[in-house]
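K.L.:
One structure is given below, represented as C-alpha cells, and several questions about it will come after.
Just so you know, all these numbers are worked out from the coordinates, no wet-lab data involved. None of these values were measured; they are calculated from a predicted model. Here the Cβ is made from the backbone with ideal geometry for all residues, glycine too, and neighbour counts use every protein chain on show.
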Ligand SMILES: *Cc1c(COP(=O)(O)O)cnc(C)c1O
C-alpha cells in the first residue's frame, strides 16, 4: 500500500503524464481497447442499431425468458397490490424487508433443499460482500485464475491472503491445500461453475472431494451462468453433478437466465445469520424493489417446467461448437457460452463487425476482461433462437 503511494508521488513530480486520464484514454485507443456505450434498440431477441436489424447473440437471456412477452403478461395480471412497489426505500435490516423477500428465500431453500437462502441486490454485491465478511488475516483464499471481476474485487476488499491457481488445475489446488492447510485457520476455494468467458465447466465434485480432505476448507461456487440452464430442474451445475449439498456457499445470480435482477446464496443457517450481521453490501444498501423480487419468485417457481428450453439450448450449443471445430477453431466450451478465440483485439473487432454486418449481434471481448492476446468473439446462445437462425449462424462463420 505504502509503496503504491510513493510511486504516485514520483509520477506527479515527473509531470504525471502516465497518470493522466487523457493519457490512459489515448493508450486504450491505440491498443484497440477503448470502449463506448452502444446505442441500441431492443425488440425481444433482436437488436436494432443504425437502422440495421441483428439477432442478439450477446445477451445473457439464456432461456429466452426476459424476451418472453406472454410470461411477463401472466406475471402482471396476477401481481398482488402488495408487491406493486418500485422501491423498498430501505435496507432490509431497517424497514425494507418486504414479505416478497422472505417468500423468495423460502422458495430458494425449498428448491435447493438447504437450510437457508439469502438474496442480494446483484451478483456484484454478493461477491464483493460475502468474501470480505467471511475471511480475515488468518484466511487463505484459493481462487481459480479466471474468476469474475466481482470475485477478485471481493478478495481485494478482504484481509485474507490469496493465491490464484491455474485455471481448472485441480492438481495444483490439491498441492496448495496440502501445503497451507495447517498455516491458516480457514481456507476458502473460490470458483465459478461455468466460466463466463470460456464457457468451460468446473468439476465441482473434484473440488468437493478436495475440500473434504481437510476440516478447515470451505467451497464457494458462483453459478451465475449455470442457474436456470443446467441440471434437471435448472438448479445449475451443482444439481447436474449431484453435489447441491456439499458446497458451503452455493451462489448464483438472477440477471442472466432468470431474467431478473439480484443474486442468492444457499447455505447453512449459521452462515445465513452470520452474513446478515457482517456483510456490508447487504447491510448498507437499499434492498431491491419488491416488484423485482416478486418477478424473480414467479420465474423461479416455474424453473422446473422449462426442461425443453434447456434441452434446446444444449442442442444448439453442440451444433455451434461442432461448426467451430469443423472450421478449425479450438473449442474449450462445454456450455451455451461459446467463444471464438482470435487473439489480437483489432482482428476480434473486425470479425465481430463482419458478423454484425451479416445480421448477428456478436461482440468482441478484449482485455482486461480476458487475458492479453486472447481477444475473442463470445457467442452467448439463447433458447429463444430457432432452428433456422442457428443454421444461418453456423453457415455465416468462416
Ligand atoms: C454476471 C456475473 C456476476 C455479476 O452479477 P450481476 O448480477 O450482473 O451483478 C457475478 N459473477 C459472475 C460469474 C458473473 O458472470
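K.L.:
So which of 301, 285 ends up being out of contact with any strand residue (DSSP E or B) (no Cβ under 7 Å at 6 or more places or on another chain) and surrounded by fewer than 15 Cβ atoms within 10 Å (Cβ to Cβ)? Give the derivation first.
P.N.:
Values: 285 fails: surrounded by fewer than 15 Cβ atoms within 10 Å (Cβ to Cβ).
Step by step, each of 301, 285 is checked, and only 301 is out of contact with any strand residue (DSSP E or B) (no Cβ under 7 Å at 6 or more places or on another chain) and surrounded by fewer than 15 Cβ atoms within 10 Å (Cβ to Cβ).
K.L.:
For segment 117-141, name all the residues that are within 15 Å of the ligand (Cβ to nearest atom) and either in a helix (DSSP H, G or I) or under 10 Å from residue 279 (Cα atoms) (or both). Don't jump to the end; show me each part of the working.
P.N.:
First, the residues of segment 117-141 that are within 15 Å of the ligand (Cβ to nearest atom): 118-131.
The answer is 123, 124, 125, 126, 127, 128, 129, 130, 131.
K.L.:
Being more than 19 Å from residue 130 (Cβ to Cβ) and surrounded by fewer than 24 Cβ atoms within 10 Å (Cβ to Cβ) is the filter here; which residues of segment 246-267 pass it?
P.N.:
Passing the criteria: 259, 260.
K.L.:
Just one of (1) out of contact with any strand residue (DSSP E or B) (no Cβ under 8 Å at 6 or more places or on another chain); (2) loosely packed, with under 15 Cβ neighbours inside 10 Å; (3) more than 30 Å from residue 363 (Cβ to Cβ) trips up residue 137, so point out which.
P.N.:
(1)
K.L.:
Please go through (1) under 28 Å from residue 277 (Cβ atoms); (2) away from the ligand (no atom under 16 Å from the Cβ); (3) surrounded by fewer than 22 Cβ atoms within 10 Å (Cβ to Cβ) for residue 156 and return the number of the only condition it doesn't satisfy.
P.N.:
Result: residue 156 passes all but (2).
K.L.:
Okay, next question. Does segment 167-181 include one or more residues that are within 21 Å of the chain's Cα centre (by Cα) and surrounded by fewer than 15 Cβ atoms within 10 Å (Cβ to Cβ)?
P.N.:
Yes.
K.L.:
Could you give every pair whose Cβ atoms fall below 7 Å, whose first residue belongs to segment 183-197 and is touching a residue at least 60 places away in the same chain (Cβ under 8 Å), and whose second residue is within 11 Å of the ligand (Cβ to nearest atom) and part of a strand (DSSP E or B), counting only separations of at least 6 or pairs across chains?
P.N.:
Hits for this filter: 194/337; 196/337.
K.L.:
When you look at residue 288, is it within 16 Å of the ligand (Cβ to nearest atom) and assigned to a strand (DSSP E or B), yes or no? Before the answer, list the steps.
P.N.:
On the way: within 16 Å of the ligand (Cβ to nearest atom): yes; assigned to a strand (DSSP E or B): no.
Judged against the criteria, residue 288 is not a match.
K.L.:
Could you tell me whether residue 295 is assigned to a helix (DSSP H, G or I), in contact with a helix residue (DSSP H, G or I) (Cβ under 7 Å, 6 or more places away or on another chain) and either more than 14 Å from residue 259 (Cβ to Cβ) or touching a residue at least 24 places away in the same chain (Cβ under 8 Å) (or both)? Spell out the reasoning first.
P.N.:
Working: assigned to a helix (DSSP H, G or I): yes; in contact with a helix residue (DSSP H, G or I) (Cβ under 7 Å, 6 or more places away or on another chain): yes; either more than 14 Å from residue 259 (Cβ to Cβ) or touching a residue at least 24 places away in the same chain (Cβ under 8 Å) (or both): yes.
Spelling it out, residue 295 is indeed assigned to a helix (DSSP H, G or I), in contact with a helix residue (DSSP H, G or I) (Cβ under 7 Å, 6 or more places away or on another chain) and either more than 14 Å from residue 259 (Cβ to Cβ) or touching a residue at least 24 places away in the same chain (Cβ under 8 Å) (or both).
K.L.:
Which of (1) over 30 Å from residue 82 (Cβ atoms); (2) in contact (Cβ under 8 Å) with a residue 24 or more places away in the chain does residue 308 not meet, given it meets every other one?
P.N.:
Here residue 308 clears every test but (2).
K.L.:
Which residues, taken from segment 77-108, are surrounded by 19 or more Cβ atoms within 10 Å (Cβ to Cβ) and either on the phi > 0 side of the Ramachandran plot or assigned to a helix (DSSP H, G or I) (or both)? Step through it out loud before you land on a result.
P.N.:
Going through segment 77-108, the residues surrounded by 19 or more Cβ atoms within 10 Å (Cβ to Cβ) turn out to be 83, 88, 92, 98, 100-101, 104-105, 108.
Passing the criteria: 83, 92, 100, 101, 104, 105, 108.
K.L.:
Taking the condition closer than 30 Å to residue 66 by Cα and not in a helix (DSSP H, G or I), does residue 154 pass?
P.N.:
Numbers: closer than 30 Å to residue 66 by Cα: yes; not in a helix (DSSP H, G or I): no.
So residue 154 does not fit the description; no.
K.L.:
Can you give me the number of residues within segment 260-285 that are within 16 Å of the ligand (Cβ to nearest atom) and part of a loop (DSSP other than H, G, I, E, B)?
P.N.:
Number satisfying all stated conditions: 5.
K.L.:
Residues that are more than 16 Å from the ligand (Cβ to nearest atom), farther than 30 Å from residue 316 by Cα and over 25 Å from the mean Cα position of the chain (by Cα): does segment 98-110 have at least one? Show your work before the answer.
P.N.:
First, the residues of segment 98-110 that are more than 16 Å from the ligand (Cβ to nearest atom): 98-103, 105-107, 109-110.
This time we only want the ones that are farther than 30 Å from residue 316 by Cα, so: 98-103, 105-107, 109-110.
Retained after the next criterion (residues that are over 25 Å from the mean Cα position of the chain (by Cα)): 98-99.
The answer is yes, given that some residue of segment 98-110 is more than 16 Å from the ligand (Cβ to nearest atom), farther than 30 Å from residue 316 by Cα and over 25 Å from the mean Cα position of the chain (by Cα).
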